[in-house]
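In what follows, a structure is listed as structure tokens, so that the remarks can point back to it.
The values are calculated or read from the model by the stated rules, or taken from the named source; none is laboratory data. Not measured: the values here are computed from a predicted model. Please note: Cβ atoms are built from the backbone with ideal geometry, for glycine as well, and neighbour counts cover all protein chains shown.
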Amino acid sequence: LNNARRGTKITGISQFKRYLHRFGYLLQKSNTSFSDEFDATLELALVRYQRNLGLQVTGKLDSNTVSQMITPRCGDPDTNTTPHHHNHVHKTRLTKN
Amino acid sequence: FVFFPGKPRWSRSMPMTLTYAFSRENMIHSLSMKEIREAFQRAFTRWASVIPVSFVEVSDFELTDIKIGFYNGEHGDGEPFDGVLGVLAHSFSPEIGRLHLDAAETWAVDFRSTTSEVAVDLESVATHEIGHLLGLSHSSLKEAVMYPSLRPRDKRADLNIDDIKGVQSLYGSNPNFRSEWSLESDMSANQG
């Protein structure tokens, strides 16, 4: 993974995309069709993630970043920029109900 | 510190009291009810000591402001829990008041008696989640209670200056608040 950079394709990278989407770093409408390509959106999401969590900003899936990702955490998203912020999605649903 | 989009907060007049209750149906049994209640009481007290908001436990789960429960997997809010470790808990922004913990975790209130390597400190997670209920999102500061991750057997329940400044930006300062972090110039009236 350390050697993974933009343009490479590695089986399982889609799982990292799904994680970054789940916590508000990878802005994509659907989370059902992530590819295994290390593309520009993944690199940008990694930079956002590393910067926000105080990691060294490399834009890569380095060991510190992966280690952070496997650390237990709160399920709420990290950023307040994503339009899919689940707290407010639920607020709307609950209000309607 | 970071707020939720739109900076939502509980919109009652100051000083305010919020009630909380535990779900009887969605509870764990690895800890006693007394241990769980005391852990949450300490967590609520930490926040109440810095803002003019107090928290009172009530028994009526339907009518309370804050509803606390332990849930397994899919539990009806579209954010299923994932078993041991991974996601530990989640909660909702003001004024929804729902605080959900993953029932699959090995919740602990005392690491001397809970020896599991995957034990998670209940008080630390409770303190973090109450921060969300009050309107704080995740902080980038690793020392802050509102930092999103917590390793097993770690404890991070003491409010950091980042947490305090964040929540006081929403609710003002508790008039009795004095801490190692504070300066006289930081003391503000309770204008929320």
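A few notes on this one:
- Residue list for the stretch B:114-141, filter: more than 8 Å from every other protein chain (Cβ to nearest Cβ), within 15 Å of B:Ser169 (Cβ to Cβ) and in a loop (DSSP other than H, G, I, E, B): B:Gly135, B:Ser139
- Residue match in the stretch B:36-43 (condition: in a loop (DSSP other than H, G, I, E, B) and not hydrophobic (A, V, I, L, M, F, W, C)): no
- Residue in the stretch A:35-47 that is within 13 Å of chain B (Cβ to nearest Cβ) and either more than 20 Å from B:His132 (Cα to Cα) or at pLDDT below 75 (or both) present: no
- Residues (touching a residue at least 40 places away in the same chain (Cβ under 8 Å), over 16 Å from the mean Cα position of the chain (by Cα) and more than 10 Å from every other protein chain (Cβ to nearest Cβ)) located in the stretch B:83-108: B:Ala103, B:Thr106
- Checklist (1) surrounded by 15 or more Cβ atoms within 10 Å (Cβ to Cβ); (2) at pLDDT 95 or above applied to A:Val57, failing item: (1)
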